[in-house]
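The values are calculated or read from the model by the stated rules, or taken from the named source; none is laboratory data. The structure presented is a predicted model; accordingly, all values stated were derived computationally and were not measured. For neighbour counting, all protein chains shown are included, and Cβ atoms are generated from backbone atoms with ideal geometry for every residue, glycine included. Just the protein is used for accessible areas: all its heavy atoms, side chains included, with ligands, DNA and RNA removed. Shrake-Rupley method; radii C 1.70, N 1.55, O 1.52, S 1.80 Å.
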Amino acid sequence: MKKIDFKSLILFENNDYIVVNKPPYLSTLKDRHEAQNILDLARLYTTDAQMCHRLDKETSGCLVIAKNPEAYRNIAMQFESRKVDKVYHAVVDGIHEYENFLVDRSLAVTNKGVAKVNKEGKSAQTYFSSLKTYYSHTLLECKPISGRMHQIRIHLSYLKSPICGDELYGGKPLYLSALKRRFNLKMGTDELPIMQRVSLHAYSIAFLGNQGEKIEVTSPYPKDFEVLIKQLEKNR
């Protein structure tokens, strides 16, 4: 991955917080396979930076960083009491009409780092709403109440609405040839998926700042997610 300019990722900043638009494939915390991660980049920018939550490596979008210990404590309490509003967008297989539909299924994580629905696991709730339906896919709004590992991904798999590209939880890669009737692939080349990762984006986040002010930030789609939506629109 090319060297990232941390400033170019910033969506919001005040004396206490930074909200960045995390690119896909960049880890939130240290990753022995990668030279760069958000935490290290943030600490080069402001010494006392602390990550307030995490996003999966493949997931793009809003990520909050505290610039001082007081700010970290403030938002940590809001996460603990489930007062941070997080909204994700996902493209899923199939046509689904959800309207603030609640999935309340406990999750447990296996030794292999895979989440499973398990009544003995930790409590997890997510609300789902359909934003737009296409020929055989749906753009969903996902609002997790709790923050369990892979929560949105496994809850959608449980609903039989797996996220495109999420092969770990039953999602299929989405190819242009599946959307376009007259699609011709060049001789001797293999077709790649339109989006080569899990089609999930942390679209917005809202919480209270240190002075009680509401901070609400929205993150634009990265290029690959934008291309996917455009192709779905063109080939409805």
Evaluation of Lys2 against (1) closer than 23 Å to Ile145 by Cβ; (2) among the basic types (Lys, Arg); (3) at pLDDT below 95 (one fails), failing number: (1)
Failed criterion for Asp190 (all others in (1) on the phi < 0 side of the Ramachandran plot; (2) in contact (Cβ under 8 Å) with a residue 12 or more places away in the chain hold): (2)
Every pair of residues 6+ apart whose Cβ atoms lie under 9 Å, when the first sits in segment 202-226 and is modelled with pLDDT under 95 while the second is of a type in the set (Lys, Arg): none
Cross-chain or 6+ apart pairs with Cβ under 8 Å, segment 163-182 first and in contact (Cβ under 8 Å) with a residue 60 or more places away in the chain, then open to solvent by 50 Å² or more (accessible area, probe 1.4 Å): Cys164/Lys172
Condition met for Tyr45 (open to solvent by 60 Å² or more (accessible area, probe 1.4 Å) and in contact with an Asp or Glu (Cβ under 9 Å, 6 or more places away or on another chain)): no
Any hit, segment 180-190, residues being over 22 Å from Ile18 (Cα atoms), in a loop (DSSP other than H, G, I, E, B), more than 17 Å from the chain's Cα centre (by Cα) and modelled with pLDDT of 95 or more: no
